[in-house]
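The values are calculated or read from the model by the stated rules, or taken from the named source; none is laboratory data. Every value quoted in this text rests on a predicted model; they were computed, and no experiment measured them. Virtual Cβ from ideal backbone geometry, glycine too; neighbours counted across all protein chains shown. The accessibility values were calculated without ligands, DNA or RNA, using every heavy atom of the protein model including side chains. Shrake-Rupley method; radii C 1.70, N 1.55, O 1.52, S 1.80 Å.
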Amino acid sequence: MSENQNKGAGFKRTLSNTHIQLIALGGTIGTGLFLGVGNSIQLSGPSVILTYAIVGAFMFLLMRALGELVLSDLSKHTYVDFIKKYLGNGTGFIMGYLYWISWVSLGMAELTAVGIYFKYWFPSVNTWVPGLIALAVLLIINIISAKFFGNLEFSFAIIKIITVLAFVVLIACLMIFHVKTDYTNISFAKLFQNNGFFANGPVGFLQGFQMVIFAFIGVEMIGFTASEAKDPDKTLPKAINEMPVRISLFYVLAIIAILVTVPWNHVSTSESPFVQALEATGIHGTGSIINFVVLSAAVSALNSYIYSCGRLLFSMTYKGKGKWNQAFGKLSKQQVPRNALIFSAFLIVLTPLITFLVGDKAFNFIASTSTSMFLIIWILMILTHMKYRKQTPANELPKFRLPAYPLLDYLMILFFIAIIVLLLILESFRIPMITALAITFILLTISKFYKQMD
């Protein structure tokens, strides 16, 4: 283990404990919370609070399993390396590129979001202009060093954390002093009004899961930082074990604060519910402040996706033969996967072309499909963990591990399979889920024709 830590899988260990903690913390606060929560509330009503708690619990279990995998061999670059080792090169190869494609498409979504948020201040500017500028700056930062990336994510995380905490504290204070809003007093009673906690019934409750899962995508990026962390044996377990507290503080409490201020059936889906709640209290002029925070969240997500895409492509081509592998499977003098970062960013740059050809609805469809892909990838990650535990003697297991093996592994697999079935049943999510399954099947079929994947 000590030898692996020193090598760092070829990466330079420049991320401190503070970097890892803030990257982990900031990774749980994104556009899924600031904007997507409005759609979730409209679908599920107040029961979306329970949805976030349930999904958050399963994501914590997933990260316990993935954290155990990462700490078992710090010479591995990404989770894909573990899938190759325990499920075979063919499965690992296909899942690696499926994972990479998912991150690229999510980067495209955030690139568009940056442009949309910028139009709040500059309506006449084309949405692709600020997005491309942000991408270029973030690419340069990622190329310079992982520490530079960590410092930037540190700053983004501070902005998001302060905003959410201040929002929750402010609403709590207004409730204590019985401040009236545009929707009467701030009160917990709003959680049970307008058809009750499960306002839209069982179907509405189930429909909220897709958007909530989307909000949690990227939380597993904590594991990507292990190969560049100064002391991964300490920082990674601490970051993962604090996930339940972060989820409680920055998702559940924030959503409760919104719902005790604004009745669930009045929550907007076209603007940030945070802005709507603050304006309902009579505190006006908050639009620009919240828009800046939402913009920083989108830029932060785009930054993380560039980082992840580069590491994934590097991992898939590392030590491989052929021009493709040799081009992207090497590190720069700064010990970062420069070529892999540049190529991934180039694909994200194609966003304006895609939106021009197929329109915003089609682009949203691509983002939804990538979300569906993550369900498939997570299941394979759990299967990898199970195979690892089965093959590894008890005395060689790391101290940090998933408890109640294999019961919790089976429980996670059943949960993610149930979500896949749910998305196939619900008409609004059926096509993206079918597309994700079709892409996976096609890639798996193609892999059979290449000997190097065997």
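For the range 276-287, indicate whether the set of residues that are at pLDDT 85 or above, under 23 Å from residue 308 (Cα atoms) and part of a helix (DSSP H, G or I) is non-empty. Within the range 276-287, none of the residues are at pLDDT 85 or above, under 23 Å from residue 308 (Cα atoms) and part of a helix (DSSP H, G or I). Residue 110 meets the conditions (1) out of contact with any strand residue (DSSP E or B) (no Cβ under 7 Å at 6 or more places or on another chain); (2) open to solvent by 40 Å² or more (accessible area, probe 1.4 Å) in every case but one. The failed one is (2). Among the residues of the range 75-93, those that are buried (at least 21 other Cβ atoms within 10 Å of the Cβ), among the β-branched types (Val, Ile, Thr) and either out of contact with any Gly (no Cβ under 8 Å at 6 or more places or on another chain) or assigned to a helix (DSSP H, G or I) (or both) comprise 80, 83. I'd like to check something: does the range 128-135 contain any residue that is touching a residue at least 12 places away in the same chain (Cβ under 8 Å), open to solvent by 70 Å² or more (accessible area, probe 1.4 Å) and either of a type in the set (A, V, I, L, M, F, W, C) or out of contact with any strand residue (DSSP E or B) (no Cβ under 8 Å at 6 or more places or on another chain) (or both)? Yes, some residue in the range 128-135 is touching a residue at least 12 places away in the same chain (Cβ under 8 Å), open to solvent by 70 Å² or more (accessible area, probe 1.4 Å) and either of a type in the set (A, V, I, L, M, F, W, C) or out of contact with any strand residue (DSSP E or B) (no Cβ under 8 Å at 6 or more places or on another chain) (or both). Are any of the residues in the range 367-382 assigned to a helix (DSSP H, G or I), among the aliphatic types (A, V, I, L, M) and open to solvent by 40 Å² or more (accessible area, probe 1.4 Å)? So far as the range 367-382 goes, no, none of its residues is assigned to a helix (DSSP H, G or I), among the aliphatic types (A, V, I, L, M) and open to solvent by 40 Å² or more (accessible area, probe 1.4 Å). Of the helices (runs of 4 or more DSSP H) lying entirely inside the range 110-212, those carrying at least 1 residues that are within 29 Å of residue 419 (Cβ to Cβ) and modelled with pLDDT under 85 are 146-176. Looking at the structure I just gave you, is residue 302 within 24 Å of the chain's Cα centre (by Cα) and outside any loop (DSSP other than H, G, I, E, B)? Criteria met by residue 302. Is it the case that residue 72 is within 17 Å of residue 298 (Cα to Cα), out of contact with any Gly (no Cβ under 6 Å at 6 or more places or on another chain) and at pLDDT 85 or above? When the stated conditions are applied, residue 72 does not pass them.
Between 193, 210, which is of a type in the set (S, T, N, Q), open to solvent by 10 Å² or more (accessible area, probe 1.4 Å) and under 22 Å from the mean Cα position of the chain (by Cα)? Within the list 193, 210, the selection yields 210.
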